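The values are calculated or read from the model by the stated rules, or taken from the named source; none is laboratory data. Just so you know, these numbers come straight off a predicted model, no measurement behind them. Here the Cβ is made from the backbone with ideal geometry for all residues, glycine too, and neighbour counts use every protein chain on show.
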Amino acid sequence: MGRVDDDPLTLAISPPPDETPEQREERLKEEAKARKISDDIDEEIKAAKNTQKKKPNVKVLLLGQSESGKSTTLKNFQLAYSQAAWEAELLSWRTVIQWNLLRNVHTIIDLLTDALENERASSDEEDSSSENDGEATSGPPASPTRRRTPLIFNEKHRLLKLQLLPLRQVQKDLEGRLGASSSEPTGQEEKLAKKHGQETFVRSSIWKASLLPGRRNSEAAVGLPKRNREAEVLQTNEILAGLAQTIKSLWDDEAVQEMLRRRKVRMDTLPGFFIADVMRITKRDYVPTNEDVVRARLRTLGVQEYHIHFDTGPAAGMDWVLYDVGGSRTQRAAWTPYFDDCDAIIFLAPISCFDEKLVEDRRMNRLEDSYALWREICSSKLLAKSQIILFLNKCDLLEKKLRLGIQVKDYVPSFGKRKNDAQTVSQYFAQHFKEISKQCSPQPRPFRVHLTSVIDTRATAVTLHAVEDGILEMHLRSIDLM
Ligand SMILES: Nc1nc2c(ncn2[C@@H]2O[C@H](COP(=O)(O)OP(=O)(O)O)[C@@H](O)[C@H]2O)c(=O)[nH]1
Ligand SMILES: [Mg+2]
């Protein structure tokens, strides 16, 4: 420790020998001022050190309603910045993709069962008519009791159904392995959540640890002993490989496709659509591709923490902590504790959802829900200093829907007579989000928006670089108080 006299500040302002009383008073004033500045600087350094201690990482939250693309955005972060971790996890996604495939199959089988039963009922009604209507789509209704030409289902379809019967059990087994993440939100869950708080949700990352081959992890002890589990995995792979051609026949069948069209079930726009890839993904040596993994659908439960270490780029050497959260209504209460000290929020709003309702609340339009949630996040006092970046996601699906002729004005009356194309629609929605942000933010904040399709990993990598720069700049400014 140096003596007080050594302090350059003290030496510089030591009194001159021939000082008048006025000069003395002036000097003391100056001294007091200088000391104040010096103390302030010390305080700032201390504060900066504390902040740095408290905030060694950049903290980013991914928020948005269920199925908005949060987990997929996180996957893009891993793919772009944590290649090794990404590759280590590839194989564990196989189970999720198999489960997605079986959900596709059973969606079709359920509709088929329904159609077969209706067909029987309507043919009973028509006193065992022997007429054949030919092509399912051709001609006007043959009799007044029929509103439409019936679909032509025959023995082939009944047989397909029988052959695919074992897949019910396989789906159940996969659900056993995936745990609660493979369930969908229901009203029942809402009630349970109210009663028990967050405890009804498990951390869904557990499934990964338990599925990775040969990984020893305390979490891996979930469910079956390891050897049984391996045998079960092999058996699933065998059954699927054996039934691949049958699944393909079901999907390729003309009458099945016509049934889907009539029921307005657009399988290819649904999350986790894999049935068109059945031959490839049921091969015995199948390893999921990057594209498969970002398209796989698994519900996130609770709040999951991910660490991304940046090796290159402007953030090189830094660790970022990303939080991926469950987005269904009952899970949103769990977000707030993570708001404190958060650098940035990436908020996802799927803009293709203007004509859809929430799974957990069939009365709520999904776009309206996104607006409401955005309003809540923007107005949060805890987040007043956090940067918020909006991803208007699922632009690819928006384009698909508009091409199919779906009119935005039918669902969003205020859209009026504007042009029904992707650019006009996304601009219109973006403007609405911007206005909410302006009205509700406790202090002015820039409105940052990206139009994304996060299943496109290449385009998303570019977006993420821009996001990285923005977040980094803000983070450095917040700790660099000097
Ligand atoms: N077509 C398309 N699908 C997407 C997009 N973003 C996410 N998905 C799919 O939507 C499903 C739900 O996404 P996910 O990230 O799990 O949503 P989360 O519930 O917000 O975490 C997954 O099957 C994704 O592959 C997108 O931009 N376009
Ligand atoms: Mg998720």
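Take residue 308 and decide whether it is within 16 Å of ligand 2 (Cβ to nearest atom) and of a type in the set (Val, Ile, Thr).
no
Can you name the number of the only condition in (1) assigned to a loop (DSSP other than H, G, I, E, B); (2) at pLDDT 90 or above; (3) surrounded by 15 or more Cβ atoms within 10 Å (Cβ to Cβ) that residue 370 fails?
Failing condition for residue 370: (1).
In region 63-111, what residues are among the small types (Gly, Ala, Ser) and either under 15 Å from the mean Cα position of the chain (by Cα) or within 24 Å of residue 263 (Cα to Cα) (or both)?
64, 66, 68, 69, 71
Scan (1) under 16 Å from residue 64 (Cα atoms); (2) of a type in the set (A, V, I, L, M); (3) not in a loop (DSSP other than H, G, I, E, B) for the single condition residue 383 breaks and write down its number.
Residue 383 satisfies all of (1) under 16 Å from residue 64 (Cα atoms); (2) of a type in the set (A, V, I, L, M); (3) not in a loop (DSSP other than H, G, I, E, B) except (3).
Looking only at residues in region 58-70 that are out of contact with any Cys (no Cβ under 7 Å at 6 or more places or on another chain) and more than 15 Å from residue 390 (Cα to Cα), which one is farthest from ligand 1 (Cβ to nearest atom)?
58
When region 447-482 is examined, which residues are found to be without any contact (Cβ under 8 Å) to a residue 40 or more places away in the chain and farther than 21 Å from residue 352 by Cα?
Within region 447-482, 462, 466, 473, 476, 477 meet the criteria.
Could you list all residues from region 275-315 that are of a type in the set (Val, Ile, Thr) and surrounded by 18 or more Cβ atoms within 10 Å (Cβ to Cβ)?
275, 278, 281, 282, 293, 294, 300, 303, 308, listed by residue number.
Would you kindly identify the strands (runs of 3 or more DSSP E) lying entirely within region 289-365 that contain at least 1 residues that are of a type in the set (Asp, Glu) and touching a residue at least 12 places away in the same chain (Cβ under 8 Å)?
303-309, 319-325
Check residue 138 against each of (1) over 28 Å from residue 247 (Cα atoms); (2) of a type in the set (Gly, Ala, Ser); (3) modelled with pLDDT under 85 and name the one condition it does not meet.
Of (1) over 28 Å from residue 247 (Cα atoms); (2) of a type in the set (Gly, Ala, Ser); (3) modelled with pLDDT under 85, only one is false for residue 138: (1).
Can you go through 421, 456 and tell me which one is closer than 30 Å to residue 292 by Cα, more than 24 Å from the chain's Cα centre (by Cα) and assigned by TED's automatic domain parsing to the domain that holds residue 374?
Testing whether each residue is closer than 30 Å to residue 292 by Cα, more than 24 Å from the chain's Cα centre (by Cα) and assigned by TED's automatic domain parsing to the domain that holds residue 374 leaves just 421.
Could you tell me which numbered condition residue 371 fails, if it satisfies all but one of (1) within 16 Å of ligand 1 (Cβ to nearest atom); (2) touching a residue at least 12 places away in the same chain (Cβ under 8 Å)?
The single condition residue 371 does not satisfy is (1).
Tally up the residues in region 440-452 that are surrounded by 14 or more Cβ atoms within 10 Å (Cβ to Cβ) and either aliphatic (A, V, I, L, M) or not in a helix (DSSP H, G or I) (or both), please.
8
Restricting to region 378-423, give me the number of residues that are polar (S, T, N, Q) and either surrounded by 14 or more Cβ atoms within 10 Å (Cβ to Cβ) or within 14 Å of ligand 1 (Cβ to nearest atom) (or both).
Count: 6.
Does region 74-97 hold any residues that are surrounded by 21 or more Cβ atoms within 10 Å (Cβ to Cβ) and either within 9 Å of ligand 2 (Cβ to nearest atom) or not in a helix (DSSP H, G or I) (or both), and which are they?
Matches in region 74-97: 74 only.
In the list 354, 433, which residue meets the criterion of being of a type in the set (A, V, I, L, M, F, W, C), at pLDDT 95 or above and over 28 Å from residue 476 (Cβ atoms)?
354 is the lone residue from the list that is of a type in the set (A, V, I, L, M, F, W, C), at pLDDT 95 or above and over 28 Å from residue 476 (Cβ atoms).
Can you tell me which residues in region 458-482 are in contact with a helix residue (DSSP H, G or I) (Cβ under 6 Å, 6 or more places away or on another chain), under 18 Å from residue 308 (Cα atoms) and surrounded by fewer than 18 Cβ atoms within 10 Å (Cβ to Cβ)?
461 - this is the single residue of region 458-482 that is in contact with a helix residue (DSSP H, G or I) (Cβ under 6 Å, 6 or more places away or on another chain), under 18 Å from residue 308 (Cα atoms) and surrounded by fewer than 18 Cβ atoms within 10 Å (Cβ to Cβ).
Working only within region 388-439, note down all residues that are farther than 26 Å from residue 378 by Cα and assigned to a loop (DSSP other than H, G, I, E, B).
404, 405, 406, 407, 416, 417, 418, 419, 420, 421 - these are the residues of region 388-439 that are farther than 26 Å from residue 378 by Cα and assigned to a loop (DSSP other than H, G, I, E, B).
Answer with yes or no whether residue 303 is within 16 Å of ligand 2 (Cβ to nearest atom) and either of a type in the set (Asp, Glu) or at pLDDT below 95 (or both).
Spelling it out, residue 303 is indeed within 16 Å of ligand 2 (Cβ to nearest atom) and either of a type in the set (Asp, Glu) or at pLDDT below 95 (or both).
Are there any pairs, at least 6 apart or on different chains, whose C-beta atoms fall under 7 Å, with the first in region 71-100 and charged (D, E, K, R) and the second within 16 Å of ligand 1 (Cβ to nearest atom) and in a helix (DSSP H, G or I), and if so, which?
Pairs that qualify, where the first residue is charged (D, E, K, R) and the partner is within 16 Å of ligand 1 (Cβ to nearest atom) and in a helix (DSSP H, G or I), are 75/293; 75/294; 89/208.
Please verify whether residue 268 is more than 19 Å from residue 92 (Cβ to Cβ) and assigned by TED's automatic domain parsing to the domain that holds residue 76, treating the condition exactly as stated.
no
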